[in-house]
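Report on one structure; see the data block that follows.
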Amino acid sequence: MEEKYRIDPELNAVLPNLSEEDYSSLEKSLLTDGYKGAPIMVWGDVIVDGHNRYEICNKHHIPYEVKQIDFESKEEAVRWMVRQQIGRRNLTPIQRIEIAEKYRPFYTEKAKENMSSGGKKYSPKEGLQNSSTLSNENKIDVRAKLAEVANVSTDTYSKGKKILESGNEELIEQTLKGEKSINKAYNELKASQKKEFDKKIEGISSSDLKSELQDLKENKRKEVAKKVRESREKYGIESPEYDEAKAEQLNVEIQINELENASCNSDGIERVKQIQKRYRDYLDVFQEDVNWLLSMEFYKNDEEITSSIHSELRNCMERFKGVDSLITRMTIDDLGCIVINK
């Protein structure tokens, strides 16, 4: 069959990619049973659903069925394609979010167009006035629109997006399979990130802590402030891009606060370590001296008092060991206080 339809790269990006195993299985089924099921959907000469079946049928000259569908714009075509994928089978919330994210570029572009309408440039001083000239129907909340497509709340959508972008493959897979809810996975992600940050702080020296703190204050703080300003000027203060930039700015300030506390506490930790080392060194020397004294005999006014002295020395040594146990378990908590670990 002569090929007469094409695959639009931009629309193709919206469609799910089949794994090699699934593609091979589909190819085997078409070769064995022929073309069955729903027709290949096309918009003019562009395929909007069934691109894998179309590719395989053309490759092996297998007859196939085609059905035309009309759209007013590419945006409408993408919306239809996304909803087709979401409604095709039972999906977990995060799977619906993953599919809906493919529609983000179209909403983002539309939001940009609306922000620039009216011929006025958004400025820090006039931003609120300019944004108010846009009618409510022209404003686009990208996050809200995508959450609507995925049939989840905006809060759930934001959490799901952060999970998908986290790089934690195990957590992503567990959430995609429905083994963990988005809320549970998100809380685990935040706890994991906090643990990694704490471990990072614990593993570096006081001078490195101060160096990183300086970098956060002098570079990262300026970087996120610029991002906040640019997102405000480009998208407006009611946009999700501005919200995300502000959230990143808040996160930097939290890190600065934690590092400042850690930097102060690291001095206390170093002091505790010095005390612990000095006491251990002293105890080793004292133990040697006590052992030597325990090997000697003692007399007072020609009366042997060895047993009494040895007993006192042993009691003294045990008390020093008790203090050593206490000092060994000392550390500094987040508030800069000395705590004794169990």
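The values are calculated or read from the model by the stated rules, or taken from the named source; none is laboratory data. Please read these numbers as outputs of a predicted model, since none were measured by experiment. Positions of Cβ are generated from backbone atoms using ideal geometry, with glycine treated the same way; all protein chains shown enter the neighbour counts.
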Margin query: Anything in the stretch 299-334 that is in contact (Cβ under 8 Å) with a residue 12 or more places away in the chain, out of contact with any strand residue (DSSP E or B) (no Cβ under 6 Å at 6 or more places or on another chain) and among the hydrophobic types (A, V, I, L, M, F, W, C)? List them, or say none.
Written below: 309, 313, 316, 317, 320, 323, 326, 327, 332
Notebook entry, point to check: Are any residues in the stretch 1-30 farther than 16 Å from residue 78 by Cβ and surrounded by 13 or more Cβ atoms within 10 Å (Cβ to Cβ), and if so, which ones?
Noted result: 5, 6, 18, 23, 26, 27, 29, 30
Next item on the list: Would you point out the residue of the stretch 52-85, among those that are polar (S, T, N, Q) and out of contact with any helix residue (DSSP H, G or I) (no Cβ under 8 Å at 6 or more places or on another chain), that is farthest from residue 148 (Cα to Cα)?
Entry: 58
Next item on the list: Could you please find all residues in the stretch 56-93 being surrounded by 15 or more Cβ atoms within 10 Å (Cβ to Cβ), of a type outside the set (S, T, N, Q) and closer than 21 Å to residue 29 by Cα?
Entry: 56, 57, 62, 64
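Yes/no matrix, rows are residues, columns are (1) under 30 Å from residue 326 (Cβ atoms); (2) out of contact with any strand residue (DSSP E or B) (no Cβ under 9 Å at 6 or more places or on another chain); (3) at pLDDT 85 or above:
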{"residue": "201", "(1), (2), (3)": "yes, yes, no"}
{"residue": "210", "(1), (2), (3)": "no, yes, no"}
{"residue": "216", "(1), (2), (3)": "no, yes, no"}
{"residue": "278", "(1), (2), (3)": "yes, yes, yes"}
{"residue": "283", "(1), (2), (3)": "yes, yes, yes"}
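Can you find, within the stretch 230-240, the residue that is surrounded by the most Cβ atoms within 10 Å (Cβ to Cβ) among those that are of a type outside the set (Gly, Ala, Ser) and modelled with pLDDT under 80? Walk me through it before giving the result.
Kept after step one, since they are of a type outside the set (Gly, Ala, Ser), are these residues of the stretch 230-240: 230, 232-235, 237-238, 240.
From what is left, the residues that are modelled with pLDDT under 80 are 235, 237-238, 240.
Numbers: 235: 23, 237: 15, 238: 12, 240: 25.
Across the stretch 230-240, the extreme among qualifying residues is 240.
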Item checked: The lone exception for residue 37 - which of (1) within 38 Å of the chain's Cα centre (by Cα); (2) over 24 Å from residue 169 (Cβ atoms) it fails -> (1)
Next item on the list: Taking residue 47 as meeting all but one of (1) surrounded by 19 or more Cβ atoms within 10 Å (Cβ to Cβ); (2) closer than 28 Å to residue 157 by Cα, write down the number of the exception.
Entry: (2)
Next item on the list: Would you mind stating whether residue 148 is surrounded by 13 or more Cβ atoms within 10 Å (Cβ to Cβ), without any contact (Cβ under 8 Å) to a residue 12 or more places away in the chain and either on the phi > 0 side of the Ramachandran plot or over 19 Å from the mean Cα position of the chain (by Cα) (or both)?
Entry: yes
